[in-house]
Amino acid sequence: MQELGRLEDLPDEYRAALTAQNLVPLWPSLRAVLPPGKPMPRTRPTCWPYQDLRALLLKAGELTPIEKAERRVLVLANPGHGLEKMQASSTIYLGMQLLLPGEWAPAHRHTPNAVRMIVEGEGAYTTVDGEKCTMSRGDLILTPTGLWHEHGHDGDKPVVWLDVLDLPLVYYMEASYVTEGKAQTVTGVAADQSYQRGGVVPAPVFTRAEQPFPMLRYPWVDVRAALQALAASQPAIEAVQVAYVNPETGADCQKILGFSALMLRPGERLALPARSTAMVFHQIEGGADVALEGQQFSLVEADTCCIPGYTPVTLSNRSADQPAFIFIADDAPLQKKLGVYEVRN
Ligand SMILES: [Fe+2]
């Protein structure tokens, strides 16, 4: 590939004249913005072991009352982007949030889409758009763009969850903002039971649900059962994996980020192809090794890691007799809409 002219090859006077007119020559930066063959991601493979961050998160509970934090969160920041950018990848924000017994995180709504994956504790709930969603380990709860949400905790031990947002992207688009509101009136409990069986949906008097996000809570007990049923009924399938979808349309459950759950059979080793999306892995149960070129993370329960796009990765269940369960987030829905999604074998 032809080497291009550098900035320092240009006379100082000419460069100053360009700057004075808010102009920039493209050719010194062309190879950086359009690198040959594949992107040069800033996202670095990064792991956040839960036990280490848990101690610091509980300390935050002592240091900062909820009124002074609003959301008491430690952000899982990728050093490749600079910690101050508070992003795990180019599009994904990850935050570990602590709610102590009796605390209330006030109602708000915002343009970025959020989901939370419950990591530990019982007795907390989040109310989303009037629907009260209880929180248990492994549950996935959606708070899509524009929907009111607030969190409360009636239990007696700390509750922790992992927030996954498309905040970096929405912020980059200069479309990120929040609106604060009053406590919501609960109008019902989460409708997850209405969608408990695949292939049938509620259709009272021939009408179908019309809201864009008909299901806001995906209980882990159901997702786990679905994975085990899949493994038992189709032993030959390559990977025991399910996607979190809108049960009315079958489309991804949110528009920018995508979510799935994977079961590694005892001793299973699964090679995932290089895809254009960065990926986040969160270990729900068991232990798995995440191996990529020159690096390996050994996840134990509740650990989270992130790997850049265009990277083949191998997942291995370390146990010979127990399955391992992993939650995965990526930005495939966005990339597919934009036409840049790629799988390289
Ligand atoms: Fe929020």
Item checked: Number of the exception - residue 125 against (1) away from the ligand (no atom under 15 Å from the Cβ); (2) closer than 26 Å to residue 260 by Cβ; (3) open to solvent by 40 Å² or more (accessible area, probe 1.4 Å) -> (1)
Notebook entry, point to check: Among the strands (runs of 3 or more DSSP E) confined wholly to region 1-116, which include 3 or more residues that are of a type in the set (S, T, N, Q), in contact with a Pro (Cβ under 6 Å, 6 or more places away or on another chain) and open to solvent by 70 Å² or more (accessible area, probe 1.4 Å)?
Noted result: none
Next item on the list: Taking residue 229 as the residue in question, decide whether it is over 24 Å from the mean Cα position of the chain (by Cα), open to solvent by less than 70 Å² (accessible area, probe 1.4 Å), within 15 Å of the ligand (Cβ to nearest atom) and more than 30 Å from residue 90 (Cβ to Cβ).
Entry: no
Notebook entry, point to check: Out of curiosity, is residue 164 β-branched (Val, Ile, Thr), modelled with pLDDT of 95 or more and either within 15 Å of the ligand (Cβ to nearest atom) or under 21 Å from residue 258 (Cα atoms) (or both)?
Noted result: yes
Check: What strands (runs of 3 or more DSSP E) lie completely within region 269-345 and have 3 or more residues being under 16 Å from the mean Cα position of the chain (by Cα)?
Finding: 279-285, 304-307, 324-330
Notebook entry, point to check: Consider residue 174 against the criteria (1) closer than 22 Å to residue 98 by Cα; (2) among the charged types (D, E, K, R); (3) modelled with pLDDT of 95 or more: it satisfies all of them except one. Which criterion is unmet?
Noted result: (1)
Next item on the list: Restricting attention to region 148-168, report how many residues are open to solvent by 30 Å² or more (accessible area, probe 1.4 Å) and not acidic (Asp, Glu).
Entry: 4
Item checked: Residue identified as in contact with a Pro (Cβ under 8 Å, 6 or more places away or on another chain), surrounded by 15 or more Cβ atoms within 10 Å (Cβ to Cβ) and not β-branched (Val, Ile, Thr) among 253, 306 -> 306
Check: Of all the residues that make up region 167-197, how many are more than 16 Å from the ligand (Cβ to nearest atom), part of a loop (DSSP other than H, G, I, E, B) and within 24 Å of the chain's Cα centre (by Cα)?
Finding: 4
Next item on the list: Among what's in region 84-121 and is near the ligand (Cβ under 10 Å from one of its atoms) and of a type in the set (A, V, I, L, M), pick the residue that is farthest from residue 62 (Cα to Cα).
Entry: 114
Notebook entry, point to check: Got at least one residue in region 209-220 being within 16 Å of the ligand (Cβ to nearest atom), open to solvent by less than 80 Å² (accessible area, probe 1.4 Å) and in a loop (DSSP other than H, G, I, E, B)?
Noted result: yes
Note to self: Please go through region 128-144 and give me each residue that is assigned to a loop (DSSP other than H, G, I, E, B), in contact with a strand residue (DSSP E or B) (Cβ under 6 Å, 6 or more places away or on another chain) and within 15 Å of the ligand (Cβ to nearest atom), ordered by number.
What the structure shows: 135
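The values are calculated or read from the model by the stated rules, or taken from the named source; none is laboratory data. Bear in mind the structure is a predicted one, so any value in this text is a computation, not a measurement. Reconstructed Cβ throughout: ideal geometry from the backbone, glycine too, with neighbour counts over all protein chains shown. For the accessible areas, the whole protein counts, side chains as well, though only heavy atoms, and no ligand, DNA or RNA atoms are used. Shrake-Rupley method; radii C 1.70, N 1.55, O 1.52, S 1.80 Å.
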